[in-house]
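See structure below.
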Amino acid sequence: MNDIEVFMANKKERPVSITRKNIYLVSINDCWHRIRVEELDKSKTSCLCFFIDFGDADWLPVDQLFICETHFLRLPAQAVPFSLYGLEDFEGNPAGRKCLDDLLPTKSVVGKVFTKESEFYDTESKCNGKIQVVLFDTSTQEDINLNNQLSNIICKETMPPENLIKTQLQISSFHMPV
């Protein structure tokens, strides 16, 4: 970060355009950060930025971004997000969040990485910048695949789409007598 500070004090160059998945620099409270653009808003005036060395994300105006010289990328990202392999479709599912909150805090886990290095760095890959892992509970005699366990629990607790539609139709066709 000190090298970036010194460099940026003398040479600040803005990008001509902003591209998803590219790394840029941003100064926040007089401190330089490396960020990866995850999304651009429709007007392309702001972008969702993942701070690759801290792990948080925030929407920032694109006019605050600067080119990140390649020599500042020699140090790999210090914060790497991961997803649970095979459970990506459950992202945002309330039953999935509840299962994670109930199950994981009580387990001693080990993660097996399924993402290949080429997928991690491929900007066209769904794995770009993210590691897919399978979690194993190692607290028992035999290791237990928690991804499978989580998938089974979520599927049991999530209403199938056809039942959800039937329930919604029943609710919408229910009329109170006047």
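Any read-out appearing in this document is the output of simple, stated calculations on the displayed coordinates, not a laboratory observation. Only a predicted model underlies this, so the values are computations on that prediction, with no experimental measurement involved. In this analysis, Cβ positions are derived from the backbone assuming ideal geometry, glycine residues included, and neighbour counts consider all displayed protein chains.
Residues whose amide H comes within less than 5 Å of that of ILE131, counting only those at least five positions distant or on another chain, are PHE82, SER83 (H built at 1.01 Å from N in the peptide plane). If a/c stays under 1.5 just call it rounded; otherwise compare a/b with b/c (prolate if a/b is bigger, oblate if not). Do that for the range 24-103, with a ≥ b ≥ c from the square roots of the Cα gyration tensor eigenvalues. Prolate shape, in that a/c is at least 1.5 and a/b is the bigger ratio.
Across the chain, Cα pairs under 8 Å and at least six residues apart give a relative contact order of 15 percent. Between the beta carbons of GLU157 and PHE114, assuming R0 = 25 Å, the FRET efficiency works out to 0.50 to the nearest 0.05. Sparsely packed loop sites in the range 54-104 (the GluC sites (Glu not before Pro) outside DSSP H, G, I, E and B with at most 16 other Cβ atoms within 10 Å) comprise GLU69, GLU91.
Which pairs in the list LYS107/LYS156; LYS44/LYS98; LYS21/LYS42; LYS98/LYS130 are over 24 Å apart, alpha-carbon to alpha-carbon? The pairs that break the limit, which is 24 Å between Cα atoms, are LYS44/LYS98. The HN-Hα couplings worked out from phi for the range 149-157 by the Karplus form 6.51 cos²θ - 1.76 cosθ + 1.60 (θ = phi - 60°) are 4, 4, 4, 5, 5, 4, 4, 5, 8 Hz, whole numbers, x standing for Gly and Pro. Normalised by residue count, the range 50-96 yields a Cα convex hull volume of 126 Å³ per residue. Straightening the chain between LEU40 and ASP102 buys 18.9 nm, computed as 0.36 nm per residue apart minus the Cα-Cα spacing. Sorting 147-153, 15-21 by their mean Cβ neighbour count within 10 Å, with the most densely packed peptide first, gives 147-153, 15-21.
In order along the range 125-140, phi translates into HN-Hα couplings of 7, 5, 8, 3, x, 9, 9, 9, 10, 10, 8, 10, 7, 9, 7, 10 Hz, rounded to whole numbers, per the Karplus curve 6.51 cos²θ - 1.76 cosθ + 1.60 with θ = phi - 60° and x for Gly and Pro.
Maximal additional length on extending the ASN22-PHE7 stretch stands at 3.4 nm, based on 0.36 nm per residue less the C-alpha distance.
Expressed as a whole percent, the proportion of Cα-Cα pairs in the range 102-163 lying more than 14 Å apart is 66%.
Dividing the convex hull volume of the alpha carbon atoms of the chain by its residue count, what do you get in Å³ per residue?
215
Report summary: the helix-based calculation at 222 nm, which adds -39500 (n - 2.57) for every DSSP H run with n ≥ 4 and divides by the residues of the chain, gives -8000 deg cm²/dmol.
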